[in-house]
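The values are calculated or read from the model by the stated rules, or taken from the named source; none is laboratory data. This structure is a prediction, so every number in the text was calculated from the model and none was measured. Here the Cβ positions follow ideal geometry from the backbone for every residue, glycine too, while neighbour counts run over all protein chains shown.
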Amino acid sequence: MPTKPAGTLYRGREGMWSWVGHRITGVVIFFFLLVHVLDTSLVRVSPEAYTAVIGAYKNPLMALGETGLVAAIVFHAFNGLRIIAVDFWKKGAKYQRQMLWTVLALWVVVMVGFSIRHLSLALGGH
Amino acid sequence: MSAELAEPASKIELPAHIGGGGEIPTFDVHLRVRRYNPEVSEDATWDDFHVTMYGTDRVLDALHKVKWEIDGSVSFRRSCAHGVCGSDAMRINGRNRLACKTLLKDLDTSKPITVEPIKGLPVEKDLIVDMEPFFQSFREVMPFLINKGHEPTKERLQSAEDRERFDDTTKCILCAACTSSCPVFWTDGQYFGPAAIVNAHRFIFDSRDDAGDMRLEILNDKEGVWRCRTTFNCSEACPRGIQVTQAIAEVKQAILSRKI
């Protein structure tokens, strides 16, 4: 076995890169949930501690982070439905590419709407 | 007396612009081959070769030219050289292809063409990999007809519709292009891999076969069909155009519904 990894990256197509995206967004969501469980459980420590920690999230950097998190969740959710369709719908494998474009189109629509609403509220300063 | 054997004049007058056999366009190809020889070094390296090839040539012809005229130590497998035997699956420009079915003119010859061994199987030398783990999985799905009834005196009859059910998966030539394109197989060598599932599919959905349940049980394993992450690399890599991911999905559904 060569000690160095093989020379080039495998040049997969839509299917492979959507899988890579699904994996990455999955890990991102996992780490968010980890932190989310921790900060929410602070309520049981004291409501004041909870309010203080949640209040610390109210800054522009976290607003951008939240946009990224929603972007990851929306992709993971829509692509998850696509994967279910590939496995359970008879024609799923045949139309996987078209379904991926649909996923990405829906993702763009949702993200444009969400970003306008969220960032204007978070960064607008009212 | 001198015997002058002049070529007889052609009976058909061909205008010059049509051209003859000698006028197939040639072009220079920069081949970048992944080399590995455990007797020399544990590290794999890249070797560059420049060859002049014809527009009708395939990657395999370029490799032949390199081996026969430049460096005889370049090692690769090939047998029929016409896309039937499945010996020369390799990674060409980052994708699994048969070298004998990939025309050079279809590749971007302005850049080096990279040729590497297929991934996920132990490399033995240069482009040759150890296929044993691949064939081990293939054997485990029992890729042969199992019929519990009496031996018929004539052939086993089957309707055209029943034959059509598994037609796609009969085309497999066991080149391993699909299995070695699978990201799951790269990291988990225990996974049966697309090729074994394709060959199981070929018998599971054969109306003459009685061991479909047994094969479904084998593939209902932790390392069976459920490892498939539907990346579609296998369907894209198959030189026979088998819809591999579709076949795997059909096996998944058959396991869940226990209906063949």
Worksheet item: Just checking, which of A:114, A:75 is in a helix (DSSP H, G or I), over 21 Å from residue A:17 (Cβ atoms) and in contact (Cβ under 8 Å) with a residue 40 or more places away in the chain?
Response: A:114
Practice prompt. Could you please find all residues in the stretch A:8-67 being under 30 Å from residue B:113 (Cα atoms) and over 22 Å from the mean Cα position of the chain (by Cα)?
Written response: A:8, A:9, A:10, A:11
Worksheet item: Counting only residues that are under 21 Å from residue A:121 (Cβ atoms) and not β-branched (Val, Ile, Thr), which one in the stretch A:32-51 is surrounded by the most Cβ atoms within 10 Å (Cβ to Cβ)?
Response: A:32
Practice prompt. Could you grab the pairs with beta carbons closer than 7 Å, sequence gap of 6+ or different chains, first residue in the stretch A:17-30 and within 14 Å of chain B (Cβ to nearest Cβ) and under 15 Å from residue B:231 (Cβ atoms), second one of a type in the set (A, V, I, L, M, F, W, C) and assigned to a helix (DSSP H, G or I)?
Written response: A:18/A:100; A:21/A:75
Worksheet item: Got a sec? Which of A:58, A:94 is under 30 Å from residue B:257 (Cα atoms) and not β-branched (Val, Ile, Thr)?
Response: A:94
Discussion item. Going through B:121, B:174, B:103, B:98 one at a time, which residue ends up being within 14 Å of another protein chain (Cβ to nearest Cβ), closer than 30 Å to residue B:45 by Cβ and hydrophobic (A, V, I, L, M, F, W, C)?
Written reply: B:121
Worksheet item: Out of curiosity, is residue A:17 within 30 Å of residue B:127 (Cβ to Cβ) and either in contact with a Cys (Cβ under 7 Å, 6 or more places away or on another chain) or modelled with pLDDT of 95 or more (or both)?
Response: yes
Practice prompt. Residue by residue through the stretch B:155-173, note down the ones that are loosely packed, with under 11 Cβ neighbours inside 10 Å and hydroxyl-bearing (Ser, Thr, Tyr).
Written response: B:159
Discussion item. Would you confirm, using the coordinates I've provided, whether residue A:63 is over 22 Å from residue A:117 (Cβ atoms), away from chain B (no Cβ under 14 Å) and in a helix (DSSP H, G or I)?
Written reply: no
Item to complete: Could you run through the stretch A:95-111 and say how many residues are touching a helix residue (DSSP H, G or I) at 6+ places or on another chain (Cβ under 7 Å) and within 13 Å of chain B (Cβ to nearest Cβ)?
Response: 4
Practice prompt. Could you please give the count of residues in the stretch B:214-230 that are touching a Lys or Arg at 6+ places or on another chain (Cβ under 8 Å) and over 10 Å from residue B:141 (Cα atoms)?
Written response: 3
Item to complete: Answer with yes or no whether residue B:245 is over 14 Å from the mean Cα position of the chain (by Cα) and either part of a loop (DSSP other than H, G, I, E, B) or away from chain A (no Cβ under 13 Å) (or both).
Response: no
Worksheet item: From the residues in the stretch B:50-95 that are more than 14 Å from every other protein chain (Cβ to nearest Cβ) and assigned to a strand (DSSP E or B), which one is surrounded by the most Cβ atoms within 10 Å (Cβ to Cβ)?
Response: B:58
Worksheet item: If you check residue A:78 against the conditions, is it farther than 23 Å from residue A:122 by Cβ and surrounded by 16 or more Cβ atoms within 10 Å (Cβ to Cβ)?
Response: yes
Worksheet item: (1) modelled with pLDDT of 90 or more; (2) farther than 25 Å from residue B:234 by Cβ: which one isn't true of residue B:91, the others all being true?
Response: (2)
Fill in: Only one of B:167, B:126, B:162 that is within 12 Å of chain A (Cβ to nearest Cβ) and over 16 Å from residue B:234 (Cβ atoms)
B:126
